Every structure is written in C-alpha cells, then in structure tokens.
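Below you'll find the structure, written out as structure tokens, and then a few comments.
Bear in mind that the values in this text are calculations on the coordinates, not laboratory data. These figures come from a predicted structure and were not determined experimentally. For neighbour counting, all protein chains shown are included, and Cβ atoms are generated from backbone atoms with ideal geometry for every residue, glycine included.
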Amino acid sequence: MANLSSSADLASDPSRELLESSISGLSNRSLRVAENVRKKGETNPFQIALNYLSNVQEGTVVRGNDELERNLVVVETVALHHGLPPDAISLLLDLALSLRAGGVTCLRILKFLIPSSVVPQEAIIRGVSWLCVGKMTVNAQVLFLRWVLTVFDLIDCKDQLRSIYGFIFSFVTEENLCPFVCHLLYLLTMKEHVQPYRVRKLVDIQAQMGRQPFLMQLLAVYKVFWPELVTLSVPSQMRTGFKNYNSTWKAALNAVQKKARAEATADHSLSVELKGKSTSRKRKQHHLEVPGLSSAFDTSSERKVYRLQELRSFTQLLQNIHNIELPAQMGSLLGSSIALHYLDCVLDESAFLRLNFWLGHSLQEEFLLRPEDGGLESLSEISTFLNTILSSQKFLQEGFFSTESFLYKFLSVWDGSLLRPQILDLLSHIPMMTSNYLRMFVFEPLVQLYFTSNVFFKFLAFTFSPQCSVIECLNSMLLKWLTWHSVNPLEEGLEHSINPNTTVTMTLSRLIDTVTELVNFVGCLATEGLHLENCHILLLNHTLNFYETVCDMLVKYNLPLVIMPPAGVFYPALLATDSLTVDRLGYIMYRYRKNLTLAKKQEQQNEQSFHISRTTYQDFNKQLVAMVNCLWNSKSFLPGTTNEINEHLLIQSKVPKYRSRFDLVHHPAFFKYAIEFHQKCWPERMCVDLADIKVGRYWSWYMEFLFCQGFDGLNEFIQVNTGQSSTSSSN
C-alpha cells in the first residue's frame, strides 16, 4: 500500500507542475494585458485629457492656462467627431456645473457635450443638484436644461429622474427657466405627479405671464390625468408649445450617430468578407427614425410593471393590460403592433397626448424646418417615416391631430410632387371640420396644385396624375367621413365627439354643410379639369369614382343629402367615346333615383328633419330626360332641353340624322357593338345599315346582346326608366 501511495504521488507531480505552470502563464498574460492597457491609456491623448480634467480643483486659474486649454481642445475634438462615452459625459458635466473651471469653461463644455451612445441618468440627477445650489449663471442654467431636453431620448433610464420631479418643478417660478422646465416636466409627468398645489402654482404663474403655450401644454397633460382638477379650458388641438432651441446640438448629434453607424456598417462588411460589393448600406437619420421600445423604468425597480417590449402576443397584452408601463420614447409606439393594440384598447389620453407631441415635434422641426440636404437618401427616410405613421393611423382607424396640423402648414408650400402618395394619403385621414376651416386649410392650397399640374406624371413607373390623385384623395376622405357617420349617426340638435381624445364636436347640420362644401368643391375641380384636359378619360373615370360615392349617401350611409353632378361632369360622361364610362354614368343615375325615391318616401312619412331641396329633384329630372332622349329616344339636343344646341350649328356640322347620333346604336361608345350585332344578324349583307337594328324584334335582341357584354349599370338604368328588360324578349 505504501508503494502504491508513493507511486501515485510520483505520478501526480508532473501534472501538478503542468497545472502550476499554466496558471502562472495565464497570470503573467493577464498582467501583460493589463500593463498594455495601462500604457495605451497613458499614451491616449483623450484619456490623458480626461484624467487631467477630472483632477481640476476649484479655484484653478483659467486665463492663460495653456495646459487646461490644450486638454479641452482634445476632448472637444473627440466629442464633435466621435461623441463622448457615458463616463466622460458624467465627468465633464460635473466639471462644468460645479464651476471648478469657471463660468466660461462651463458654457464651453456644455456646448460640445455630445454623447456617442447613452447618457447616464445619474449624471442628469447630479446636474439638477448643482442647479439647486444656485451658483450657476442664468445662461448656464438655461443651457443645461436645453441640453437635457436635447438628449432626453438618450437617457438610459428615467425612474430616478421622475423621483426628483418636485425639485424640478420648483424652478417653474423662474421666468427665464420656466419654458424649459415646463418642457422637461411635460416629458416626465405621470399620474402621481399631478397634485392640486402644482396646478394652483401653474395657474398663478399663468395669471402673471398670460396664456403661454408651454404652460398650456403642461396643464393639458395635468388635465388628462386629473380632469376635474384642471378647470381651465385647454384647446384640444393647440400648436406645439415648446420651441426648438437645440438645432445646433441636434445637428452635431445626428452627424456623430450617422458616422458611428457608417463605421459599424463598414466593420460588418469587412467581417463577413463581402468581396466585390460596395458598403453603400443606407444610413437612417436618427431624428426621423421611429425609436425602439424601451422602458422608462430600470429593470431592477421594485415597481410591479410590465414593459411593452416583453409582450409577444395579444393574449399577454390582455392579461397584463392594467400593469403596463408606457415606453420612455413615445414614438416607439408607432413601430409596434402590440403597442398600437394597447392604445386602441385602453384609450389612454396621456399616451395620445405625448405621442402627438412627439409626432408634431418630429414633423415640424425635423421635416418642415430641416435644411435641404441628404438628397434621395433623406427622402427615402422621410417616406419610410410617413409610411409608418400611415400604417399606425390605419391600424387605429383614426388620425393624429399632430399630423393634421403638419399637413395644413405643409400644403401651403407643397409643390405637388414631393412625397405625393404619403401626403395625399395623410390628407385623406383628416377628421371632419367646419366648412370654413376646410375651405381655408385644404381647398385653397389644393386648387393651386390642381390647376398647375399635368394629367400625366411619370416617376420610375406610370402613376396617377396629380389631378387624379387629388380627386381620389378627396373621395377617400369623403368615404371615411360617411363611414364614421354611419357607425356614429348624428342627430339634429345633439353634438357628438368626433374623437375620444379631442373635444371637437359635430352636429348633423355641420356635417351636411361640410360634405356639401366638399362635393361642390370636387364638382368645380372636375368641371374645370375636364375642360382644360379635353375630357381626359383617366380624369373622367376618377371623377365618376367620386360620384359613385356621392350618389349613395342616403341609402348606404344614412346621410340625408343628395347632390347631383354638375353639367361639366354629366355631359362629358354621357357623350364619352368609351362604353365603360357611359355604363358607369348609367349606374350612377340609377342609384340617384333610388336615393331620391327613398328621400321622398321619408319626407312623406316625416321620418327625417332634413328635406331634399326641390332644386335637386329638378336637376335630376333634367339630366334623366337628357340621358333617355340621347340613348333611347334618339332625340338629342332638342330645343328646350338642358343639352340644347342651336339648329343652325347642327346643320353646319353636316352630320346626317344628328338627333339620333348618340342613341345606343350610333353612340361612339357602342358603335362597334352595333356593327358586330349587324354582322351576326345579316352576315350576307355587304352594305351595313344600322337603322335595321331598330326594327321590330331586332331592337329587343340588340338590347339583350348589349347587356350581355357586362353593362350592368346601363341595364339597370334602362330597366328602371324605360321598362325594357334584357330578359323581356323571347327566343
């Protein structure tokens, strides 16, 4: 046994020595790595500069201090080209606000404090504590608050920042700081922050300063959380109350982040060895990019909440819907279907208010007022951003009032081609408004666009013309309004809220006035457009699309309103050279008859308070007589009718039998069908006489042949107004 033990010890000695040597080697390697890192830090100018600045003591001489100036220049160069890491942000912010290097250096540091990634929450809290000390000048305090607002979305967490809400609120009494403090409070406010004494304080400040937009915006948030506490009337669609004073910082921040993404893209391309391919991956601008979902609270927080980014299904959303915390960046709601489900289910007014503020700021400051740079890449980014807004609005089936305000400003300077599909789609989602505002904000800009554009417009592929796009947009707008009314029927004398998130109301009479204004506007546009474009078939068919909606407003959407198409639309369609247009006109006139018949019945039974005017019935009868005379009775252009043409002019045209040139046999739209029918009935004849079709049973056969071509609208019109049926003739 002793021999065995000694032999085991002898056998284990080599392995122990090998293990000890390996450990020693690893230890030496770690020491070498640490030493190399230390030496690298010692030779890194940026790190040397940070070390120097961290050791600056209070009372340090600034004027003539070349060493301080040299280190500040090093840090400033890195900040403006690459951004500063979080630890550098904390160090420099503390140095600036503590005034250890003087007030001038404080302002200088704040101006180049550009983060490369995130901003530590602790650095902001220490900055607020220095703000409370009161050593800084007013300019330094304002500059610090402006910087916080600029980097607000980059703060890693905001739960501790919200815990010092009261300290921040105490600065609203400072006149110079009030606009920026209100903006910061607006972004931080939650339900527990709304207290009666804070509302009273804001009301007192408003009494002294007047109805300032920044105060109204903060009071609007308070009213959302506690409506009975804020008794002031807060406009539901007021303009952005917080101005953008931070364009210089944002430009530098955007440049740093674009450069960082470009370097990351290049590194990725090298790592996967994409030989022979360029690294022209498109870089998205940060300010028009929908941010990702991120919680406003730390994951270690004791508060029992669920983050939206943790939910994966609608079932999980329903199970935790009362314990969900809104994200730190409200714009991230647009990029998540779960978040949109939450908005749709909960109808959180504070969420809509904050989201509309974020949207309004992004569209106003980063699109309308942005410098003209970026080229096609920039347009692509804006297009993607607007498409995201559109998809969110379609998901929620309602528009954002911030995009509505943006559109009213943008339409006045729009050239009609920039981002046309997105702009017109957004325009079709605007809610109902009074006819005066509709005329001022929408119709007047569109008139200029409509009459300065061509019918044809090509961009990569053939698209609808600007004129057709405008008509289609207004048709979509009308459909949404009518659908809303059919779901939420209005009654005369009662006001109904258009949107649960706004205070805008609508009555039945206002709705009728607004729809009448819209229909008449499109009628004028279509009349002038068809005249200018020589009754272009594309424009004519888009106009008929619109009147297919208009003709059924009573039957389909229960709106007691009937408006006939103007003569400038009716007669070009009646005398059109393609059969589909005449067929569609027949269907429209058939539906008009159905709606007017129902209106007359309801009037006789006193079922509605609104009555169709006598003029509308007269206009319908005139157009009906003109259509029947042309297509059926072969009596076109008779004296005393609406389509009367001077007899002398008709004779000068040298057209034989001009009264019958637009009946169903000789009409240019159906001429080829008449020829085909004649050849089938009399194949042996060499001479074609279309008058034979009108004789005896051939006329009934021709009607059946014509209706078998798919002209259902014309078939219904003929059946209702003449009694002729496609099935009335026998074999």
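For Ser117 and Arg439, what does the FRET efficiency come to when R0 = 45 Å and r is the distance between their Cβ atoms, rounded to the nearest 0.05?
Numbers: r = 50 Å, r/R0 = 1.10.
E(calc), rounded to 0.05, equals 0.35.
How much length, in nm to one decimal, is gained on full extension between Gln309 and Lys243, taken as 0.36 nm per residue of separation minus their Cα-Cα distance?
Values: separation 66, 0.36 × 66 = 23.76 nm, distance 3.09 nm.
Taking 0.36 nm per residue and subtracting the Cα distance, the gain is 20.7 nm.
What residues have an amide H closer than 5 Å to that of Ile155, excluding those fewer than 5 places away on the same chain, when H is modeled at 1.01 Å from N in the peptide plane?
For Ile155, the qualifying residues are Val119.
At a Förster radius of 45 Å, what calculated FRET efficiency corresponds to the Cβ-Cβ distance of Thr507 and Val413, to the nearest 0.05? Kindly include the intermediate steps, with their values, before the conclusion.
Values: r = 33 Å, r/R0 = 0.74.
Efficiency computed from Cβ-Cβ geometry: 0.85.
In nm, what is the difference between 0.36 nm times the number of residues separating Val720 and Arg63 and their Cα-Cα distance? Spell out each step's value before the answer.
Values: separation 657, 0.36 × 657 = 236.52 nm, distance 9.66 nm.
Computed gain between Val720 and Arg63 is 226.9 nm.
Would you mind checking which residues have amide H under 5 Å from Ile324's amide H? H placed 1.01 Å from N; only 5 or more apart, or other chain.
Correct list: Tyr306.
Calculate the spin-label point distance for Arg200 paired with Lys680, positioning each point 7 Å from the Cα along the beta-carbon direction, and give it in nanometres.
With each label point 7 Å from Cα toward Cβ, the separation is 9.0 nm.
Could you give the length gained on full extension between Asp344 and Arg126, defined as 0.36 nm per residue of separation minus the Cα-Cα distance, in nm? Let's see the in-between values first.
Numbers: separation 218, 0.36 × 218 = 78.48 nm, distance 3.86 nm.
Length gained, Asp344 through Arg126: 74.6 nm.
Label points 7 Å out from Cα along the Cβ direction at Asp578 and Leu479: separation in nm?
Simple spin-label model gives 1.9 nm for this pair.
I'd like the trypsin sites (Lys or Arg not before Pro) in segment 595-636 restricted to DSSP loop residues with at most 16 other Cβ atoms within 10 Å, sorted by number.
Numbers: sites: Lys600, Lys601, Arg614, Lys622, Lys635; in loops: Lys635.
Sites meeting the loop and neighbour criteria: Lys635.
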